[in-house]
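Below is one structure, written out as structure tokens; the observations come after it.
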Amino acid sequence: MLVPSALHTAEAVCREGDALRWFNWIADLGLATIRGLVNLWVRFDVAPGDLKRLHIPESGVCYVLENDLVLDALVLDAACRRHELPRLTGSSLVGRRAVFGVRRFRGVFIRRPDPSPSRRLQRLVETALADPGIEITLVPVAVFWGRAPAREHSWLKLLFAEQWALAGRTRGALAALLHGRNVLVQFGEPVALRTLMDIQTRQELAVRRASRLLRRHFRGARAAVIGPDLSHRRSLIAQLLTTAPVRQAIADEAAATGQSPGRVREQARRYGMEIAADYSYPAILMFEKLMTWMWTRLYDGIALHQIEQLGELAREHELVYVPCHRSHIDYMILSYVVYKQGLAIPYIAAGINLNLPLLGPLLRRGGAFFIRRSFSGNALYTAVFRGYLAAMLSRGHPIEYFIEGTRSRTGRLLPHRTGMLSMTVHSYLCQPVRPLAFVPVYFGYEKLVEGQTYIGELSGQGKKKESIGGLLRSVRTLREHFGHVQVSIGEPLHLSPVLDAHRPDWRGEEHQLDTRPAWLGEVVDELGREILVRINSAAVVNPVNLVALVLLAMPKQAMVERDLAAQISMYLQLLKRKPWAMESRLPDMDARQVIHTAETLKVVQRHKHDLGDVIYMDERRALLATYFRNNVQHLLALHGMVACCYMNHRSLGLRRIRRLIALTYPYVSRELRLPWSRRELRQALNDTLAAMASAGLLRPGRGKRIWSRARAGSNSTAQLMVLGQSMMPTLQRYYLVVALLLQGGSGKLRRSELLDLSQQVAERLSLVFELHSPDFFDRAVFSAFIDGMRREGVLSIDGEQRLHFDDRLREVDEDARQVLGAQIRQSLQQVLSLVPEQVSPHPSDDRADA
């Protein structure tokens, strides 16, 4: 029989147990209610898009949040449920609740940061130390409620958007209410707990080290997604005016012009306001909605390639995006893609010509900062711009600019401009806060908004100035169909290793913005060339590229459908093998589907015939198609050069092939931005020959020392000749310049005269014998070839700008005859005969090939 005191104790325990059950029931009910509200209200995106590549294990997983907040945990649980990942209910290994927050809070009504480490992390470390056989995997997950890289407006949404300050319960609830439709759940790379603990055997030290590394991860993730803090635009400019280089420029300008320092300072402030972006989160949200609608109207989709590397790179590096410049659409697409990947969108260097009424302020709020075409003679503007760019880089903001300087009208990459590149490197030398990486980006279009404009400009029409009227007229394009867009991220180029190679002790030197190191030009030139090479190496082939490559190699830009399909299939086979091995960046369709896509986009037309339909391009479509051929011509350039060697020969020795390819490779490599150095060319050529053999175009013999094609008239030889014709216009241009030099004689022609003659003769040649394409007589291509011959030592130039050469140029001429067919040489000679009489005759072309 129980004594009264014991009875009373038992009754008390029972009452406490009932109260605890009631408390747990109420807590579970509240949690279920909140979970239901979250499921109804919250809409989230998950990054990366393909979570399978993270290889999250099915057991022993504990998720790590940045903040220990219930709402974050509920959204994470919903993401795990959607993507069939291990849930937050945990297991016997990691505990009942398999999630904890790195940043914790204390207090009920007034929440303050709690510096002590998570108790759950302590228990996990204790478990791992107690049993060395246990493997616990931590998966860091960052939840962003609204993404505001700037906080320059007093909007209610901006007040509670994602930022760097700690967020407690009240702020978290308001953020969920206001930004519940714009949430990003970003999963990080899983990491073994033992990796974070390293070799620590004491629990306290192991917990401290793991906490520190997790906090560092979340700082990097937050900077990558929302960007660093950005002070108000006016405040930033006010700070800029106090820097030493700008103050010195103000003093120099005042002394040179006689104006008061205050007046010059006001001018510097106006320059700053003209330049600076005015980043606005409401504008970003508006652009995101507008762009989503516009891409749906214009394109069938935006395909992303190699995009997954950006997230990890952004956490540890200052990013400078350097895309090719095909269209005004480029920067809008890149910002949209980066934003959708959960990263801070870059600040874009835009030409001052785009600072139009209405449009300019909108672009400025979307992250554009404006730059004049030339800084020449304006030291004050130069100092303000350099200071602004340096401030953006030192604060960790991603930047974007086009190193070509302007849009390519031909589809080829333009030579790099050094201005922005030089200022970027110089700014980094002055303030190397975080490692800097250049991110090459390739854009591939199936149809261009500006296509007809480009053809007109190349044909001699003046470039149309940007205007509001032109902007309004461009709205009509929304009724057209432009196919797919390809966005491909190239291999990042890290700046520090390049600096180390040129200037090993650069870290120990002091650099100032107003003093440019003498060795900087060489570094910038190497960076510019390498960036262009990496852009081209990231190329993606689309159906329009393939059809253009084939049909533009035909005399009348027409081909029987069966033969066209066979040629396209052969090109796809070549590109899947080394030296490019780019299967993942080829269209996921067969040759017939490629032709159908080109028809749908109205790139080609079909002429029905009983013996087989003919696919053809009329002259207007063919002119536009040269742009898309030039986008990817570099991918089959080496194959085409080899094919050209067989125009006049059935069999060639490997040494002879190497010699003929080496003759033109330095110039082709520069023009088409090929990635192989002269030392690497031998292996690339071996891979190319092997690929052509696998496609049945060539046959090796005598231990691969002899390479032969099939007899004339065979299908494989016909395909080989078409492949060679794809590179023939390039080689014709080179031979034309050499022929003009020999015809004129050493020391007779000035560089400008040779350029004029080359362009005129090429235009006449295209009018009489070829497709009349402005791309063939592009002056910039001839200029680059002449400069290339000077770099190779084939040409020299005197003080009067006259060009001199020796017998090496005649050797080039002799070798070129082995590649160019007799018919092509005869066509060239007919046009060369029209050159003015003061140029002496060229040696007879009647002798037979060597």
Within segment 71-111, tally of residues that are at pLDDT 70 or above, among the basic types (K, R) and in a loop (DSSP other than H, G, I, E, B): 2
Subset of segment 761-785 (residues that are in a helix (DSSP H, G or I) and over 30 Å from the mean Cα position of the chain (by Cα)): V761, A762, E763, R764, L765, S766, L767, V768
V439, sole failed condition from (1) among the β-branched types (V, I, T); (2) buried (at least 23 other Cβ atoms within 10 Å of the Cβ); (3) over 22 Å from the mean Cα position of the chain (by Cα): (3)
Which numbered condition P497 fails, given (1) touching a residue at least 40 places away in the same chain (Cβ under 8 Å); (2) surrounded by fewer than 14 Cβ atoms within 10 Å (Cβ to Cβ): (1)
Among (1) without any contact (Cβ under 8 Å) to a residue 40 or more places away in the chain; (2) under 24 Å from the mean Cα position of the chain (by Cα); (3) open to solvent by 20 Å² or more (accessible area, probe 1.4 Å), the one test that L572 misses: (3)
Which listed residue is aromatic (F, W, Y), touching a helix residue (DSSP H, G or I) at 6+ places or on another chain (Cβ under 7 Å), over 15 Å from V487 (Cβ atoms) and open to solvent by less than 10 Å² (accessible area, probe 1.4 Å), from Y281, Y321, Y271: Y281
Residues located in segment 711-730, provided they are in a helix (DSSP H, G or I) and either open to solvent by less than 20 Å² (accessible area, probe 1.4 Å) or more than 20 Å from R658 (Cα to Cα) (or both): N715, S716, T717, A718, Q719, L720, V722, L723, G724, M728, P729, T730
Condition broken by R412, with the remaining ones in (1) at pLDDT below 90; (2) under 17 Å from the mean Cα position of the chain (by Cα); (3) of a type in the set (K, R) satisfied: (1)
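Let's see how each residue does on (1) of a type in the set (V, I, T); (2) farther than 23 Å from Y445 by Cα:
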| site | (1), (2) |
| --- | --- |
| L354 | no, no |
| L358 | no, yes |
| F369 | no, yes |
| A379 | no, yes |
| I399 | yes, yes |
| T410 | yes, no |
Of residues in segment 745-783 being charged (D, E, K, R) and open to solvent by less than 60 Å² (accessible area, probe 1.4 Å), the one farthest from S827 (Cα to Cα): R751
Filtered residues of segment 657-706 (kept if farther than 26 Å from D813 by Cα, open to solvent by less than 30 Å² (accessible area, probe 1.4 Å) and in contact (Cβ under 8 Å) with a residue 60 or more places away in the chain): A691, M692, A695, L697
So T406, is it at pLDDT below 95 and among the hydroxyl-bearing types (S, T, Y): yes
Scan of segment 190-199 for residues that are under 19 Å from F100 (Cβ atoms) and open to solvent by 30 Å² or more (accessible area, probe 1.4 Å), ordered by number: P190, V191, A192, R194, T195
Every residue from segment 332-361 that is within 16 Å of S488 (Cβ to Cβ), outside any loop (DSSP other than H, G, I, E, B) and open to solvent by 20 Å² or more (accessible area, probe 1.4 Å): Y336, K340
Evaluation of F375 against (1) closer than 26 Å to V264 by Cβ; (2) among the aromatic types (F, W, Y); (3) at pLDDT 90 or above (one fails), failing number: (3)
Meets criteria (in contact (Cβ under 8 Å) with a residue 12 or more places away in the chain and surrounded by 23 or more Cβ atoms within 10 Å (Cβ to Cβ)) for V540: yes
Residue ID - farthest from the chain's Cα centre (by Cα), chosen from residues in segment 491-546 that are small (G, A, S) and more than 23 Å from E583 (Cα to Cα): G508
Where Y627 falls short, out of the listed (1) open to solvent by less than 50 Å² (accessible area, probe 1.4 Å); (2) touching a strand residue (DSSP E or B) at 6+ places or on another chain (Cβ under 8 Å); (3) aromatic (F, W, Y): (2)
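The values are calculated or read from the model by the stated rules, or taken from the named source; none is laboratory data. Because the structure is a prediction, the values reported are computed rather than measured. Please note: Cβ atoms are built from the backbone with ideal geometry, for glycine as well, and neighbour counts cover all protein chains shown. Note: accessible area is taken over every heavy atom of the protein model, side chains too, but ligands, DNA and RNA are not part of it. Shrake-Rupley method; radii C 1.70, N 1.55, O 1.52, S 1.80 Å.
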